[in-house]
Each structure stands twice: as structure tokens, then as C-alpha cells.
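Trainee: One structure, as C-alpha cells, below. Some questions next.
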Amino acid sequence: MNIRHPFGKRATGFAAVFAAAALTLTACSGGGAGAGGAAESGAAPAPAGDGEVIKVGVAMPTQTSERWIADGEAVKKGLEEAGFEVDLQFANDDIPTQTQQVDQMITSGAKVLVIAAIDGTALSSQLDTAGAAGIPVVSYDRLIRDNENVSHYVSFDNYKVGVAQANALLVGLGLVDKDGNEKADAPKGPLNIELFAGSLDDNNSHFFYDGAFDTLNPFIEKGVLVVKSGQTTIDQVATLRWSQEAAQKRMEDILTSNYGGGSEPLAGVLSPYDGISRGIITALQGAGYGPGLDKGLPVVTGQDAEIASVKLINDGIQQSTIFKDTRTLAKQAVKAVEALGKGKEPEVNDSTTYDNGVKVVPSYLLDVQTIYKEDIEPIIIGSGYYTAEEVAAGLAE
């Protein structure tokens with residue numbers, strides 16, 4: 001996979017996580033990425049259920065997104081079923097709140113931290129404290145940057161997420177089939193599109209946008225696709241804190257500035273997240289597009305399979321979303337904590353891609369699925385992620 005990482009690469013060795021004598025956890029050093037082993041003393045920390053119950057701090061970024069609520073609950077449930085005590089906190093997109101929560105987790109005795117950071121660069125002080133105390137840190141879905149005290153990273157293949165989003169847009173525009181192959185009867189263009197990205201302080205946003213832009217750019221260079229606003233760099237198209245309201249306002253401004261006076265209409269919008277997608281769709285419908293795809297609404301992509309957007313897809317309004325099954329991600333995080341709790345290193349399937357600016361963080365990446373209307377029944381409902389009733393209502397119980 002050809003990754004164009006937005007930050008420089010400077011790899012360091014993987015620091016081994018921790019070990020303990022009796023019921024006390026202390027720090028230790030280890031070999032390179034993927035190396036195993038316990039502390040030099042040979043004593044391993046007591047796993048959950050052996051005497052003292054290990055406490056795990058789980059820090060999630062917000063409760064404003066149903067995706068993060070589901071992640072937090074799934075991680076908590078999985079850890080508790082494995083015998084851990086769990087301190088789950090949501091920071092409501094406020095960086096000082098999250099730093100205080102992580103500080104509190106450390107001082108209250110957490111032996112492992114699972115952190116989905118609001119800002120991947122804002123927790124260095126907390127990670128330094130954790131490292132000094134021998135507390136391993138699992139970076140959850142969003143890579144924590146610029147600190148060596150990140151033991152492990154669990155996420156989806158974020159570059160491929162961007163590729164999948166761009167391919168969904170190309171499918172909707174009739175340029176490729178669902179396997180990404182160019183269609184012989186594809187329109188010659190030019191087709192107008194606009195681009196949105198996530199929050200710049202979220203490391204995943206860069207991977208999403210790299211994957212998407214790498215996929216769309218050949219069509220842009222050939223003139224088949226045109227970004228009429230001229231806004232194509234991630235700095236120009238980013239959406240702070242993934243805000244639905246900010247996305248709606250930006251879409252409204254783009255439409256006012258570029259698509260009035262009988263100009264060629266907008267054909268599609270690359271959106272990196274379902275909340276942003278809904279803001280975009282509101283702006284489009286307010287400008288007279290739609291109301292649905294069959295009535296001239298531009299193709300709008302998405303991510304996270306939020307129930308409100310799954311309903312929009314089912315109703316023929318939003319074109320697609322990327323399904324990142326939080327259940328599988330939570331299970332992988334639990335596996336990582338279990339390994340760390342035994343003084344071992346978690347399973348890794350990528351030891352080269354995710355450079356956090358100080359070290360290449362050993363990672364486990366999961367696959368994703370693109371969801372179109374026809375995929376809702378077999379994949380979303382069939383897997384039990386949502387029920388048919390929830391999809392119809394656009395509301396999860």
C-alpha cells in the first residue's frame with residue numbers, strides 16, 4: 001500500500017509494555033516491533049481475575065457522535081467480560097476535559113489506558129506520566145502523535161477507507177464499477193465535485209484524504225472531474241472537530257460562490273463522515289437540489305454507518321457510507337489489553353505504516369466495507385448491527 005504520510009518518518013524501537021512482581025506493575029524495555037517477552041525479573045503482572053483486578057482507563061472523545069458511544073460501550077463490555085475493571089470517560093470534544101480525565105485515570109490506579117484522542121498531539125504530558133509509571137497505552141482508532149509512550153495502535157486501514165470513499169463517489173458518478181474498474185460507457189465529463197475532509201488534529205483525516213485524493217486525482221487530471229471551487233488541499237477542505245454545522249456552512253458558501261447563475265450543477269461531494277454528510281445534504285437540499293438521488297441530489301459519500309445516515313441511504317438520499325464495525329475494533333482493543341496485562345505484546349499486522357513522529361507504532365488494522373442501499377439488509381441488518389426497525393426509524397435503541 002502506497003502511503004503518503006503527511007508527517008515525516010522517524011522510527012524508533014518498540015518499548016516493551018510493562019511487567020510486575022506480585023500485584024505491582026513496573027516498566028520494562030523490549031526489542032523491536034512485534035518482539036515479545038516479560039520483564040527482566042521474569043514476573044508477569046497478575047491478569048484480571050488473579051488476585052487484584054486490573055483497572056483499565058478508557059478515554060473516548062465525545063458523546064455527540066453515536067459511533068463513539070458505541071465504541072465506548074463495546075470496549076467497556078468486552079473488558080468487563082474479560083475480568084477487568086473499567087473507567088470509561090467521554091470528553092465531549094473538549095481537549096482540557098480529556099487531559100483531566102486521563103490524569104484522573106492514572107492517579108486512580110489504571111494499569112492500562114485505551115485512548116481515542118480528540119487531538120492526537122495534546123496528551124504528551126499524560127503519556128509521559130503513564131510511561132514513567134509503566135502504564136501501557138493503546139491508541140484507539142486515532143493515532144496519538146509525538147510521544148514514545150504509545151504501546152500499540154488498533155484501527156481500521158485508514159488509507160483504504162479513503163480509497164473506498166472515493167470509489168463510492170466514482171461509482172455514483174458512473175465512472176467505475178464497484179470493483180473500481182473504469183466503465184467503458186462512463187461519462188466523459190466534466191463533472192463538478194467538491195471535497196471535504198475531517199479535522200486536521202485527527203491523524204486519521206490525513207490518511208482518509210490521501211487515499212481519497214490519490215483515487216480521484218487521475219480523473220481530475222484528465223478533466224473528467226472538476227473541483228469548481230478550486231479547494232483541493234486538506235487545509236482548504238478540512239472540517240474542524242468533524243462538525244456537521246461547519247460542513248453545512250462551508251457547503252452553502254461553495255454553492256453560493258460557484259454554482260449560481262445557471263452554471264453546470266454539482267454532481268458529487270466527497271464526505272469523510274456521516275455527520276458531515278448530513279450537513280452537506282441539508283445545504284444541498286436548501287439550495288434546491290434533490291430531495292433525493294433520483295431527483296438530482298448530488299452523490300454524497302460518508303463513513304461510520306451512523307443510523308441516521310443508514311436511513312438516508314435506505315431512503316435514496318445519501319449514496320453510501322463506510323462501515324467500520326465498532327464491535328470488531330473493540331474486540332481487538334480488548335485483545336491488546338489482555339496481552340499487555342500479561343506483560344506480552346499484542347498481535348500486530350502492520351509495523352511500518354503508522355509513524356507518530358517519534359516512533360513507528362506497532363498496529364493492528366481491520367478491514368472496512370462500503371455500504372450502498374442494497375448492502376443494508378445483508379450486512380448492516382444481517383450482522384445484527386442495527387435492526388430493520390431501527391433503520392426504518394433512523395434511530396438506534
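Trainee: Please work out how much length the chain gains when fully extended from residue 186 to residue 73, using 0.36 nm per residue of separation minus the C-alpha to C-alpha distance, in nm with one decimal.
Mentor: Stretched fully, the residue 186-residue 73 segment lengthens by 36.3 nm.
Trainee: Among rounded, prolate and oblate, which fits the stretch 193-263 when a ≥ b ≥ c are the square roots of the eigenvalues of its C-alpha gyration tensor, a/c under 1.5 means rounded, and a/b larger than b/c means prolate?
Mentor: oblate
Trainee: Stretched out fully, how many nm does the piece from residue 121 to residue 108 gain, at 0.36 nm a residue minus the Cα gap?
Mentor: Full extension from residue 121 to residue 108 adds 2.3 nm.
Trainee: Multiplying the sequence separation of residue 221 and residue 358 by 0.36 nm and subtracting their Cα-Cα distance, what value in nm do you get?
Mentor: 45.8 nm
Trainee: Hey, any idea what % of the stretch 154-270's accessible area is carbon plus sulfur with a 1.4 Å probe?
Mentor: For the stretch 154-270, the apolar C and S fraction of the accessible surface comes to 50 percent.
Trainee: Right, another one. Along its three principal axes, how long is the chain when you only count alpha carbons? Whole Å, largest extent first please.
Mentor: So the extents along the principal axes, rounded to whole Å, are 74, 45, 38.
Trainee: Within 13 Å, Cβ to Cβ, of residue 106, how many net charges do the neighbouring residues add up to if Lys/Arg are +1 and Asp/Glu are -1?
Mentor: For residues surrounding residue 106, the net value is -1.
Trainee: While we're on this one: So for the pair residue 315, residue 92, with labels modelled 7 Å out along Cα→Cβ, what separation do we get in nm?
Mentor: Those two pseudo-labels are separated by 2.9 nm.
Trainee: Hey, another quick one. What residues have an amide H closer than 5 Å to that of residue 176, excluding those fewer than 5 places away on the same chain, when H is modeled at 1.01 Å from N in the peptide plane?
Mentor: Those lying under 5 Å, H to H, from residue 176 are 171, 183.
Trainee: Just how large is the dipole of the chain about the Cα centre, in debye to the nearest 20, putting +1 at every Lys and Arg Cβ and -1 at every Asp and Glu Cβ?
Mentor: 580 debye
Trainee: Now a separate question. Hey, what angle do you get for helix 158-172 against the long axis of the chain, alpha-carbon based, 0 to 90 degrees rounded to 10?
Mentor: 20 degrees
Trainee: Taking a cut-off of 19 Å between Cα atoms, list the lysines near residue 55, but don't count ones fewer than 8 places away on the same chain.
Mentor: Cα-Cα hits under 19 Å: 76, 77, 111, 331, 335, 342, 344.
Trainee: Can I ask one more? Once you wrap a convex hull around the alpha carbon atoms of the stretch 42-197, what is its projected area averaged over all directions, in nm²?
Mentor: Reported value for the Cα convex hull: 12.7 nm².
Trainee: For the chain, give me the percentage of DSSP beta bridges that are antiparallel, rounded to the nearest 5 percent.
Mentor: For the chain, the DSSP antiparallel bridge percentage is about 25.
Trainee: Here's another thing I want to ask about it. So for the pair residue 85, residue 249, with labels modelled 7 Å out along Cα→Cβ, what separation do we get in nm?
Mentor: Between residue 85 and residue 249, the simple spin-label model gives 4.4 nm.
Trainee: Moving on to the next point. What is the diffusion coefficient of the stretch 142-255 in µm²/s, taking the Kirkwood radius over Cα pairs and the Stokes-Einstein relation at 4 °C with a viscosity of 1.567 mPa s?
Mentor: 84 µm²/s
Trainee: Binning every alpha carbon pair distance of the stretch 234-288 at 5 Å from zero, what are the percents per bin?
Mentor: 4, 20, 33, 25, 13, 5, 1
Trainee: Taking the full set of protein chains and a 1.4 angstrom probe, give the accessible area of residue 263 in square angstrom, rounded to the nearest 10.
Mentor: Answer for residue 263: close to 40 Å² accessible.
Trainee: Karplus couplings for the stretch 173-178 from phi (6.51 cos²θ - 1.76 cosθ + 1.60, θ = phi - 60°), rounded to Hz, Gly and Pro as x?
Mentor: Values per residue, Gly and Pro as x: 8, x, 8, 9, 8, 5 Hz.
Trainee: Rounded, prolate or oblate, given the Cα gyration tensor of the stretch 332-382, with a/c below 1.5 counting as rounded?
Mentor: oblate
Trainee: Right, next: Report the calculated FRET efficiency for residue 235 and residue 374 (r = Cβ-Cβ distance, R0 = 25 Å), to the nearest 0.05.
Mentor: 0.10
The values are calculated or read from the model by the stated rules, or taken from the named source; none is laboratory data. As the structure is a computational prediction, the values presented were derived from the model and not from experiment. We place every Cβ from the backbone using ideal geometry, glycine too, and count neighbours over all the protein chains shown. Protein only, heavy atoms only, side chains kept; ligands, DNA and RNA dropped before computing areas. Shrake-Rupley method; radii C 1.70, N 1.55, O 1.52, S 1.80 Å.
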